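So the structure is just underneath, and the comments pick up after that.
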Amino acid sequence: MFGISRKRSRDAAAVVTGAGSGIGAAFAIELARRGGRVVCSDVDELAAARTADAIADQGGNAIPMRCDVSDISQVERLACDAQEWFTGPPTLVINNAGVGAGGSAVGDFSLDDWAWVLGINLWGPIHGCHVFAPILRAERYGGIINVASAAAFGAAPNMAAYNVSKAGVLSLSETLAAELSGTGVNVTVLCPTFVKTNIVESGRITAQSSDLANALMRWSGFSATRVAKICLDTHDRGGLYCMPQPDARIGWGIKRFAPGTYTRAVGLVARAGSAARSVTS
């Protein structure tokens, strides 16, 4: 039925959450460039419309849809509306919507902020997989890309809620990949380090931590377009893990083979950085 191409990123009927900006917008634009029809979903419908308009300006085919991924009823509605627009099932779903938060230790970071982060970063992909995986499984073709982060295994101090949410997405993706093995549906989890997006400005991060994150994104971050292209190519090859930057791959390797040493080293580096910033402030 879908035999024209085994590269799922080509000519896809794609649903992208968090498509209003950043990596989500980059995924949507790149999928359209590869001949796909794209549902650009975002909690900010105006931002989703800007991405869809940018795709249309380049001769592509896209439509904006509002969706708060933390609300299962809205994700179910997204699936219904997308299938109506595609006149059939989607072939690729990208659970990308996410927020940044951090700068406070466990016990200081408020429980309201914990709930906000987990509602979007973890329950969003859970809802997306819960709703869309059965649809793709029934078709025996397609793909799911879940956007996590190197924080899923990096566990930097003062970022507990974010780390926990992304670790959950990594585990969800590994579990789903096992469940869908042999069905014709591929799962990829994206674990980047710093990407040049607006996640810091739109998140709940303390001023000191946001200054550091912005500096790291500016000097070492990949562009969202580059990350999206690498991830889609990895997905087309059937890869489960996509770690687009060298530092993510190095961190992944060290954490797997020397987890205790890695964790202690991360703590020491974080404390040294905090002490240095205190002296210069």
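Taking residue 149 as meeting all but one of (1) surrounded by fewer than 24 Cβ atoms within 10 Å (Cβ to Cβ); (2) modelled with pLDDT of 95 or more, write down the number of the exception.
Failed condition: (1).
Inspect all residues belonging to region 131-153 and state whether any of them is closer than 16 Å to residue 190 by Cβ and aromatic (Phe, Trp, Tyr).
yes
Give the residues of region 231-242 that are closer than 18 Å to residue 166 by Cβ, of a type in the set (A, V, I, L, M, F, W, C) and either assigned to a helix (DSSP H, G or I) or modelled with pLDDT under 95 (or both), sorted by residue number.
Correct list: 231 only.
Yes or no, residue by residue, for (1) in a strand (DSSP E or B); (2) touching a residue at least 12 places away in the same chain (Cβ under 8 Å); (3) within 20 Å of residue 227 (Cα to Cα); (4) not aliphatic (A, V, I, L, M):
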position: 89; (1), (2), (3), (4): no, yes, no, yes
position: 93; (1), (2), (3), (4): yes, yes, yes, no
position: 105; (1), (2), (3), (4): no, yes, no, no
position: 116; (1), (2), (3), (4): no, yes, no, yes
position: 125; (1), (2), (3), (4): no, yes, yes, yes
position: 135; (1), (2), (3), (4): no, yes, no, no
position: 167; (1), (2), (3), (4): no, yes, yes, no
position: 173; (1), (2), (3), (4): no, yes, yes, yes
position: 176; (1), (2), (3), (4): no, yes, no, no
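Counting only residues that are of a type in the set (S, T, N, Q), under 20 Å from residue 251 (Cβ atoms), modelled with pLDDT of 95 or more and surrounded by 19 or more Cβ atoms within 10 Å (Cβ to Cβ), how many does region 158-208 have?
Qualifying residue count, region 158-208: 4.
For residue 116, work out the one condition from (1) modelled with pLDDT under 95; (2) under 16 Å from residue 18 (Cβ atoms); (3) not basic (Lys, Arg) it doesn't fulfil.
Every condition holds for residue 116 apart from (1).
Modelled with pLDDT under 95 and out of contact with any strand residue (DSSP E or B) (no Cβ under 6 Å at 6 or more places or on another chain), is that true of residue 3?
yes
For residue 68, which of the numbered conditions (1) under 18 Å from the mean Cα position of the chain (by Cα); (2) within 13 Å of residue 94 (Cβ to Cβ) fails to hold?
Looking at each condition in turn, residue 68 falls short on (2).
The values are calculated or read from the model by the stated rules, or taken from the named source; none is laboratory data. Treat the numbers as computed from the prediction; the structure is a model and nothing was measured. For neighbour counting, all protein chains shown are included, and Cβ atoms are generated from backbone atoms with ideal geometry for every residue, glycine included.
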